[in-house]
Amino acid sequence: AQTVTQSQPEMSVQEAETVTLSCTYDTSENNYYLFWYKQPPSRQMILVIRQEAYKQQNATENRFSVNFQKAAKSFSLKISDSQLGDTAMYFCAFMKQEGAQKLVFGQGTRLTINP
Amino acid sequence: DAGVIQSPRHEVTEMGQEVTLRCKPISGHDYLFWYRQTMMRGLELLIYFNNNVPIDDSGMPEDRFSAKMPNASFSTLKIQPSEPRDSAVYFCASSLFKGGQETQYFGPGTRLLVL
């Protein structure tokens, strides 16, 4: 079974700083997808970024980028020039490429951006 | 596209009452998922459907919970009878299984409070 671990329950940074959220996972699969979802106080789950395991290039979406280290089974999220609206819970998630389309979530990291 | 639509957004009911949560997936998506989120257990997958057929209901906590998907554009999650421990946020998500497009998009959630 796959597991996803987010070792930082809470983080806090100042506005405009760069912050990195950690995520590690355990799997015997070779092909899979990794995701970061954001959950602001509204509780809506919003997709931030996704990464295909077969791609060596790290995914980027504007101020959001990932550092995907397949051998180390690590998938960190970097937020550059952080904004107050980035305050949210962030969830790392794993999904196998073949078979069941089930997401396995980490426990989440609560990120607070301070003015 | 309107995204995943869930109703109601909030539900307050008394113990023993029947509760029905509704979901309309994104048009064209062939997978539909029901999740529950609580502080204690985080995000849990309850059940998911592929082409309207339930594939895995191993996450459904008890026989009090049931889910249906009568057609490609509608699904329900029913709790009968409801109990205070069922209080949670219930999310519906949908995805399309199409090489490299397997991303789950979440609805806004239904906040359920059972008194």
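A few comments on the model shown:
- Highest-fluctuation residue, B:Asp63, B:Asp86, B:Asp30 considered, GNM on chain B with Cα pairs under 10 Å: B:Asp63
- Note on chain B: with a GNM built from Cα contacts shorter than 10 Å, the maximum mean-square fluctuation among B:Ile79, B:Ile26, B:Ile55 falls on B:Ile55.
- Solvent exposure of the protein assembly as shown as accessible area per residue, Å², 1.4 Å probe: 49 Å²
- Compactness of the protein assembly as shown, taken as the C-alpha radius of gyration over 2.2 N^0.38 Å, stands at 1.02.
- For the pair B:Asn71 and A:Leu84, a Förster radius of 30 Å applied to the C-beta separation gives a FRET efficiency near 0.10, rounded to the nearest 0.05.
- Ratio of Rg to Rh over chain B (Cα coordinates, Kirkwood Rh, two decimals): 0.96
- Partner lysines for B:Lys24 [C-alpha distance under 30 Å; skip if fewer than 8 residues away on the same chain]: A:Lys38, A:Lys96, A:Lys102, B:Lys68, B:Lys78, B:Lys98
- The share of accessible area on the range B:16-115 that comes from carbon and sulfur is 50 percent, using a 1.4 angstrom probe.
- Rg/Rh for the range A:1-83 stands at 0.96; both radii use Cα atoms, and Rh follows the Kirkwood definition.
- Comparing mean-square fluctuations of B:Gly16, B:Gly42, B:Gly59 from a GNM of chain B with C-alpha springs under 10 Å, the top value falls on B:Gly42.
The values are calculated or read from the model by the stated rules, or taken from the named source; none is laboratory data. Keep in mind it's a predicted model, so treat the numbers as computed, not measured. Glycine also receives a Cβ, built like all others from the backbone with ideal geometry; neighbour counts cover every protein chain displayed. Side chains are part of the model used for accessible areas, which takes the heavy atoms of the whole protein and leaves out ligands, DNA and RNA. Shrake-Rupley method; radii C 1.70, N 1.55, O 1.52, S 1.80 Å.
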